[in-house]
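The values are calculated or read from the model by the stated rules, or taken from the named source; none is laboratory data. The model shown is predicted, which means the values in this text are computed figures rather than measured ones. Positions of Cβ are generated from backbone atoms using ideal geometry, with glycine treated the same way; all protein chains shown enter the neighbour counts.
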Amino acid sequence: MTELLFPAPASQRWTPTRVYATYRIVLSSLLVVLFFLTSAPTPLVGEYSPQLYFYTSTFYLALTWLSVLLRGAPTRARVTVPLLPILIDVLVLTLLIHASGGIQSSLTVLMLVTVAAASIVLPGRLGLLSAAVATLAMMLEQFFFSLSSNLDNPFHLTESATLGVAFFAVALITRQVAQRLAQSEALAARQHQAIQQLEALNRQVVERMRTGVLVFDGFFMTQLCNRSAQELLAGIDSQKQLPEFLIQHYQLWETDPSQPLPPIASHGARPELDVRFAPLDSGEDHLTIAFIEDRARLVQEAQQLKMASLGRMSATIAHEIRNPLSAINHAAELLEEGLPKEAEDQKLLAIIQRHVSRVNSIITDILGLSRREPTQAQRISLHAALSACITRWQEQGHDPARLRVRVPETLPEIRFDARQLEQVLDNLLNNARLHGGEGPIEISSGYHTAGGLPWVRIRDHGPGVPAEARDNLFEPFFTTSRDGTGLGLFVCRGFCESHQARLDFEPAEPGASFVITFAHPDRVFQ
């Protein structure tokens, strides 16, 4: 893994120059070893001039090891460093070939290797220069060898010329191959960089998705888990086994993938979830990808679309109703002034005025709902917000002894609109006062240790909520009170959902409780 993330420096890579330096060390060592292993009467090397071969090969061996030791030393002539070993090798091989009997020696093929290596390690046309130098060296060697051997015609250089043609052919072919390889390597490097950028982009996209993405293998071990999945599943991490409820959900899907899955119920810091599974095509590995959605957010988006159209229609209807309602109220006031103050007539007029006032209150709530101002979320102290709520309770003249407060001072901050949070807390306290009988009202708060999400619970000790009404508590215009509008809890949940918080009903014995689970202020999706 470290090699992929942190490539080795250039000085530690097996570049062509390093490979050729290693080849020179091995070659110089073998040339010396061959001299001592093959002696008379049939020596393989140095048969023409053993002394020249010995001194040359020994000098070559010492020079190659010295170049290895001095390789890291600073030098001002680094551009000429690749050319110098090539020229030294051409000179050394020429002397060794001469000491071994001329170009008929088996060492001549090593000159082809040197020319080919020069075409790879040297830039531009220096490879052809090395082939030209090697050709001249072979022609001079054949000329002097002919003179020293007393041949009739020392200028007969056909073999060396043919060998020179071979040098140039090898140089040209090797240069073409090296250029193609360099282009392929550059293309591979660009593609590798593009792939890395694409992978980084994919990781960023997956990490910032509001949908939780979870990949696990056949042993239910998590292989990938983005931030949204960690928050929705309350702290799950990679290289850990899936929670039991998610394994059971997957097994339910595996029995019949075509059937829609029921939602996963909320528990503690975990909201109600919609989970979809799909097999991941990854070769031999049996991987599955899970898409996890906060069901409350999906419901919220659908509810917002429904309420946007409903709000426009309700606002139009409310305006049309308010005009005749004002006329009815005005007529009732005139009747009250003109009629004698008889008990029965006054009772009927009071009924009219009371219901006119109630309808007008409903219209006001509907108009306020359709003209909801945008939220201005900010980091606020939860402890300070609850303390202010208790203060308002006392200022309204309610009995302070009825409240039982268990709020620690070390609560984390939350991200919420202060005015909307005030409205939510006051509404929940007022509901507990109206529907909770004369019993105490408990206000408690804390935070979930798994995900660090703060919560507030407001509980009464009254008769509770009937079972048949619990599913519709947060629906607009649903109320169990004769004088209620049915918009309080709906507006409160809307305020919470717009701040990525949850407002849930929890049955209690006796009474009922409502719990607000706030989003983490540092992990709110922007």
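Quick notes
- Comparison of 455, 393 shows that the only residue that is more than 19 Å from residue 493 (Cα to Cα), of a type outside the set (Asp, Glu) and not in a loop (DSSP other than H, G, I, E, B) is 393.
- Boolean, residue 443 is surrounded by 14 or more Cβ atoms within 10 Å (Cβ to Cβ) and closer than 14 Å to residue 503 by Cβ: no
- Residues (β-branched (Val, Ile, Thr) and in contact (Cβ under 8 Å) with a residue 40 or more places away in the chain) located in region 408-436: 414, 424
- Members of region 435-460 found to be under 16 Å from residue 392 (Cβ atoms) and over 41 Å from the mean Cα position of the chain (by Cα), listed by number: 441
- Residue match in region 439-462 (condition: β-branched (Val, Ile, Thr), over 20 Å from residue 391 (Cα atoms) and in contact (Cβ under 8 Å) with a residue 40 or more places away in the chain): no
- Failed criterion for residue 185 (all others in (1) within 18 Å of the chain's Cα centre (by Cα); (2) at pLDDT below 90 hold): (1)
- Qualifying residue in region 188-206 (condition: surrounded by 14 or more Cβ atoms within 10 Å (Cβ to Cβ) and in contact (Cβ under 8 Å) with a residue 40 or more places away in the chain): no
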